[in-house]
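One structure below.
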Amino acid sequence: MVYGQVSTGYRSGGVNPRPFYPSQVEDFRPETITAYEAGFKSDLFDRRVRFNVSAFFNDYKNIILTVLNCPNTAGFPTTPCLQPKNVGSAHVKGIEVETTIRPIEHLTLDGSLSWLKFKYTTVDTANTGVTASMVPPYTPEWKWNAGLSYDIPDVLKGLVTVRLDGSYQSHIYVDPTNVDAVNVPAATPSALAYQTATNRIDDYFLANARVTWKSEADTWSVSAEVRNLTNKYYFTSMTANFGPIGTSAGAPGLPRTWAVTVKRNF
């Protein structure tokens, strides 16, 4: 199946609902988008291969993002700040690919890949601190995952499935004003001479393994799994404030984790 579509979107404007200083009581305009997408979906080779591809282009206007530092504060400190602002307009393009392959009986391979390129066409740097080279929060350029599963029939009057999978995400930023790791002066003379400031979460790869036994009648199942096989230390989110508050907090992902699950269907 080959398809194409054009759609529009709208996000209403308003007034900053949480000003910390009078200068932060500002309105923001509505955000709009026109999205174009084309692609195809296919089942090939007697349905042994499923292969889907889509490409898209989004035209954003007046993007609304919440900034944590407000450069235009009319004599007030730049932080704390949680102000929705129209940071600018942008073009976003990307490709998504997904596939499922069954080359032989009992073996299944699956995977997906996405690439996204975000580029500001206009930006209000004076009022937001955002520059044309930055990207919105939690916008990775690359993501992919791949998995392999193999079924072993007739084991203890049931089916055993062994599965391995992995996933990758490229680096992201957690604030519209992207900050890589840089040294900044300490807040007080008694503190360290320099502190490291960043709101970037580095890229990471995670691997998982799982073995499941399921009875023939599908009434009982037992599984054992290990998540984050390589015990990768990574963050899922982060909050960083480099102004007077001077705080940085992150939520680490789970370390290597073991689990055993027993399930009964009625």
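The values are calculated or read from the model by the stated rules, or taken from the named source; none is laboratory data. The shown structure was predicted, so the numbers you read here are calculated from the model rather than taken from an experiment. Every residue, glycine among them, receives a Cβ derived from its backbone with ideal geometry; neighbour counts consider all protein chains shown. Surface accessibility is based on the protein's heavy atoms, side chains included, excluding ligands, DNA and RNA. Shrake-Rupley method; radii C 1.70, N 1.55, O 1.52, S 1.80 Å.
Counting only residues that are modelled with pLDDT of 95 or more and not in a strand (DSSP E or B), which one in segment 214-233 is least open to solvent (accessible area, probe 1.4 Å)? For segment 214-233, the residue satisfying everything is ASN228.
Note on segment 3-18: residues that are open to solvent by 50 Å² or more (accessible area, probe 1.4 Å), part of a strand (DSSP E or B) and closer than 16 Å to ASN86 by Cα total 3. Return the residue satisfying two criteria in turn: it lies in segment 116-127 and is among the polar types (S, T, N, Q) and more than 23 Å from the chain's Cα centre (by Cα), and of such residues it is surrounded by the fewest Cβ atoms within 10 Å (Cβ to Cβ). So, considering only residues that are among the polar types (S, T, N, Q) and more than 23 Å from the chain's Cα centre (by Cα), the one surrounded by the fewest Cβ atoms within 10 Å (Cβ to Cβ) is THR122.
One residue stands out among those in segment 4-59 that are in contact with a Lys or Arg (Cβ under 8 Å, 6 or more places away or on another chain) and hydroxyl-bearing (Ser, Thr, Tyr): the one that is farthest from GLY111 (Cα to Cα), which is THR32. Of the residues making up segment 129-167, those that are open to solvent by 40 Å² or more (accessible area, probe 1.4 Å), in contact with a Gly (Cβ under 8 Å, 6 or more places away or on another chain) and closer than 19 Å to SER114 by Cα number 4.
None of ILE95, ILE104 is open to solvent by 30 Å² or more (accessible area, probe 1.4 Å), assigned to a loop (DSSP other than H, G, I, E, B), β-branched (Val, Ile, Thr) and under 30 Å from TYR168 (Cβ atoms) except ILE104. Each residue in segment 32-68 was checked for being modelled with pLDDT under 95 and within 22 Å of the chain's Cα centre (by Cα), and 3 of them qualify. Residue check, LEU113 against (1) open to solvent by 60 Å² or more (accessible area, probe 1.4 Å); (2) touching a residue at least 12 places away in the same chain (Cβ under 8 Å); (3) not polar (S, T, N, Q); (4) not in a strand (DSSP E or B), all met but one. Which one? LEU113 satisfies all of (1) open to solvent by 60 Å² or more (accessible area, probe 1.4 Å); (2) touching a residue at least 12 places away in the same chain (Cβ under 8 Å); (3) not polar (S, T, N, Q); (4) not in a strand (DSSP E or B) except (4).
Can we say ASN52 is polar (S, T, N, Q), crowded, with 19+ Cβ neighbours inside 10 Å and either in contact (Cβ under 8 Å) with a residue 60 or more places away in the chain or in a strand (DSSP E or B) (or both)?
no
For PRO80, the conditions (1) open to solvent by 50 Å² or more (accessible area, probe 1.4 Å); (2) outside any strand (DSSP E or B) all hold with the exception of (1).
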